[in-house]
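Student: Please see the structure below; I have some questions.
The values are calculated or read from the model by the stated rules, or taken from the named source; none is laboratory data. Please read all numbers here as calculations on a predicted model, not as lab measurements. Using ideal geometry, Cβ is built from the backbone for each residue, glycine included, and neighbour counts are taken over all protein chains shown.
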Number of protein chains: 2
Amino acid sequence: MRTEVSQMLGIEFPLLAFSHCRDVVAAVTNAGGFGVLGAVAYTPEQLDEELSWIDREVGGRPYGVDVLVPAKLDLEDGGSSGSSGGLDALLAAVPAEHWTFLHDLFVRYGVPLPDLEKAKKAAPKGAGAQVTRQGALDLIDVSLAHPIRLIASALGPPPALMVDRAKEAGVSVAALVGTAEHARRQVAAGVDLIVAQGGEAGGHTGEISTMVLVPEVVDTVAPLPVLAAGGIATGRQMAAAMALGASGVWCGSVWLTTEEAETPPHVKERMLAASSRDTVRSRSRTGKPARQLKSAWTEEWEGPDSPGTLGMPLQLIVAEGAMRQINKVAETGNEGARELANYFVGQCVGLMNTVRPARQVVYDMVEEFAEALDRLNGLSGTG
Amino acid sequence: MRTEVSQMLGIEFPLLAFSHCRDVVAAVTNAGGFGVLGAVAYTPEQLDEELSWIDREVGGRPYGVDVLVPAKLDLEDGGSSGSSGGLDALLAAVPAEHWTFLHDLFVRYGVPLPDLEKAKKAAPKGAGAQVTRQGALDLIDVSLAHPIRLIASALGPPPALMVDRAKEAGVSVAALVGTAEHARRQVAAGVDLIVAQGGEAGGHTGEISTMVLVPEVVDTVAPLPVLAAGGIATGRQMAAAMALGASGVWCGSVWLTTEEAETPPHVKERMLAASSRDTVRSRSRTGKPARQLKSAWTEEWEGPDSPGTLGMPLQLIVAEGAMRQINKVAETGNEGARELANYFVGQCVGLMNTVRPARQVVYDMVEEFAEALDRLNGLSGTG
């Protein structure tokens, strides 16, 4: 298939797969799509290791990296303080009542308590570090030292630093947007490719649906190519997205129930059983509205005992360590932990009902796309 | 174009136009689509008059009617009391604090107060009557006395009475759904056609987006045909909906800015200027979540002084008379009234930027549909 995006990225089928799991990234790239590794959960050293592994697996086939760049990256404040100094300040900024709420939550659900002091110290290494200025810059540098073809910014316009470094390295820059206004800012920031992500998407997401957002963004940024994201898990949805004017699609949720996915088994089970009604847009995991499975976790943060969610990255720091403990305990069969456990996923979770290898998802989407197009041509054939 | 729906309804282009305006209904039907008159705002006598007018205009071409049937229609309670008795009971059930809030709202926004006592009495005639048991039955009987081809139920499964009477009259029955679960119930109730309406739609709407809901419902009710609704205002979106498996589309919002539309001029202006971000799902006009233009009205009902919204039809009774007065005053240029005024519309309001005759909207969608299909075929032509 020949679209602006398949040509830009050197791929056969303009299906981009966002995943935190290197196996999914490599499998999709090797199947003729384009894997994009979500770098937010890694330290620079870990990321380097993951990308080296992917390099070996894909044998020169194209792939990319997605980083979560804080909006303030270009600002001076915080820039002078080193990585660990900034993190101590972040930890100190979490109010005591939030740790207390977390403590009580664990007790109420019968989840063995982690060492809270240790959890506080551990959390930022896992999740908070990269969303500081230095953390994000480090991840960008590590990424550009590998033969990636695309670097994507998941939140807000990429800072000039990122765009400049990527262009020097001959790497295309993509950015996710949830409104036409944001798309305009991304174009001004110099990105090569816009990912228009509808509110039905998993993770950080806005409120405008894919069906409305994609044509709006396509018209706003033309002739820049647009990928459609949000709710897309099948080839007929990919055909729909491209009928809207997209040059390809960006899928995240659909990989979470693949064989390769590192989704915790109890969460994978819930995703396979879930309908499209079982997600909610909640600030409870990162501090920004992010769509995820409804669970006791999302309900409790909205409940009467909740101290309210914090901003990003403070809420991320509070939630990340807790969720790691919850998942660990849930795997032992603890009922309370299973009630609390959740993960980011879009409304298309209702369409994710079988476990397939990631490459099979790509092949199925190629086939379903062709079927959808045949059907459309058949319908309009006769008056 | 030959789809299950175009054959069922005897039309050329499976574009259904929901409108409260008879001119739009007739224009769309005469342009090769299928107009559906929203009957909720009419008394039985008025509806009879509107349908007689449409009959003369369309010269035998097919059209339909949409009724708002309360879920309790089949239940015994309220059924024995006559229309006016039921309404007095409804009026008495509106708490005094809601009338007080309304009164204060008018004062704060500098909108001349209507005679509150008169407004209370007037409201149900305009809006509440039809959502009582007898009111809905009367509208169904009036509709079936005209040569309609389709009767649609906008809320919940159509009662057995409605399905039976329609089938006797040889009229197809459609029902709007917002989830796959609701679609299953509609199939059980005996409908012929499902309208899967995504959360981006104007008016009463759920939370699952069109991109996800349509394939989910198509798979759930197969081989029953499905129309896609929610966010659709262009031919490329219609192509997208049909790539998802729909046999046609159901559009409501796009007609509100046509030449024929009876949308108040100040509201039409705001719609033409609005972006897709300018709508909100709010209970403030009917008591059920309904997407509409954001305005001071929707904000105030969410605000700190609000007594909270009532259920349906009580909130409808409170809101309808007030909104009529607001619109009347807004037309004189009153700023406060213009801030309060709003109307039901979907996120596709961001794509509605010009005033066109309704027939031109149909012709444009036919052309855009063909262009989208050509584009898709062009993309997939070469590997």
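Student: Which residue is farthest from A:E320 (Cα to Cα), if the candidates are limited to the stretch A:4-21 and must be touching a residue at least 24 places away in the same chain (Cβ under 8 Å) and surrounded by fewer than 21 Cβ atoms within 10 Å (Cβ to Cβ)?
Tutor: Once the filter is applied, the top-ranked residue is A:E4.
Student: Give the stretch B:312-346 a look and list any residue that's over 22 Å from the mean Cα position of the chain (by Cα) and not basic (K, R), or say none.
Tutor: B:V329, B:A330, B:E331, B:T332, B:G333, B:N334, B:E335, B:G336, B:A337, B:E339
Student: Being crowded, with 24+ Cβ neighbours inside 10 Å and either in contact with a Lys or Arg (Cβ under 7 Å, 6 or more places away or on another chain) or without any contact (Cβ under 8 Å) to a residue 60 or more places away in the chain (or both) is the filter here; which residues of the stretch A:354-383 pass it?
Tutor: A:A372
Student: Considering each residue of the stretch B:178-187, count those that are within 11 Å of chain A (Cβ to nearest Cβ) and crowded, with 24+ Cβ neighbours inside 10 Å, and give that number.
Tutor: Within the stretch B:178-187, residues that are within 11 Å of chain A (Cβ to nearest Cβ) and crowded, with 24+ Cβ neighbours inside 10 Å number 1.
Student: Would you point out which residue out of A:A274, A:A319 is in contact with a strand residue (DSSP E or B) (Cβ under 7 Å, 6 or more places away or on another chain) and either buried (at least 18 other Cβ atoms within 10 Å of the Cβ) or not polar (S, T, N, Q) (or both)?
Tutor: On inspection, the qualifying residue turns out to be A:A274.
Student: Also, I was wondering about something else. Show me the strands (runs of 3 or more DSSP E) entirely contained within the stretch B:188-258 in which 1 or more residues are facing chain A (nearest Cβ under 10 Å), touching a residue at least 12 places away in the same chain (Cβ under 8 Å) and buried (at least 24 other Cβ atoms within 10 Å of the Cβ).
Tutor: B:226-229
Student: Moving to a separate point now. Looking at A:G350, is it out of contact with any strand residue (DSSP E or B) (no Cβ under 6 Å at 6 or more places or on another chain) and either without any contact (Cβ under 8 Å) to a residue 40 or more places away in the chain or among the polar types (S, T, N, Q) (or both)?
Tutor: In short, no.
Student: Looking at A:G311, A:G303, A:G235, A:G336 in this structure, which one is in the same structural domain as A:A154 (by TED's automatic domain parsing) and out of contact with any Leu (no Cβ under 6 Å at 6 or more places or on another chain)?
Tutor: A:G235
Student: Determine which single condition A:Q360 fails, assuming it passes every other condition in (1) of a type outside the set (F, W, Y); (2) outside any loop (DSSP other than H, G, I, E, B); (3) in contact with a strand residue (DSSP E or B) (Cβ under 8 Å, 6 or more places away or on another chain); (4) away from chain B (no Cβ under 13 Å).
Tutor: (3)
Student: Moving on. Test of understanding: among B:G59, B:G82, B:G10, which residue is at pLDDT 95 or above and more than 14 Å from every other protein chain (Cβ to nearest Cβ)?
Tutor: The unique qualifying residue is B:G59.
Student: I would also like to ask the following. I'd like to check something: does the stretch A:187-200 contain any residue that is outside the structural domain of A:R285 (by TED's automatic domain parsing), at pLDDT 95 or above, touching a helix residue (DSSP H, G or I) at 6+ places or on another chain (Cβ under 9 Å) and under 23 Å from A:T43 (Cβ atoms)?
Tutor: no
Student: Hey, could you check the stretch A:259-292 for residues that are under 11 Å from A:Y343 (Cβ atoms) and part of a helix (DSSP H, G or I) and say which is farthest from the other protein chains (Cβ to nearest Cβ)?
Tutor: Out of the qualifying residues, it is A:H266.
Student: Quick check on my filter: what residues within the stretch B:335-353 are within 14 Å of chain A (Cβ to nearest Cβ), in a loop (DSSP other than H, G, I, E, B) and surrounded by fewer than 23 Cβ atoms within 10 Å (Cβ to Cβ)?
Tutor: If the condition is that a residue be within 14 Å of chain A (Cβ to nearest Cβ), in a loop (DSSP other than H, G, I, E, B) and surrounded by fewer than 23 Cβ atoms within 10 Å (Cβ to Cβ), then B:N353 is the only one that fits.
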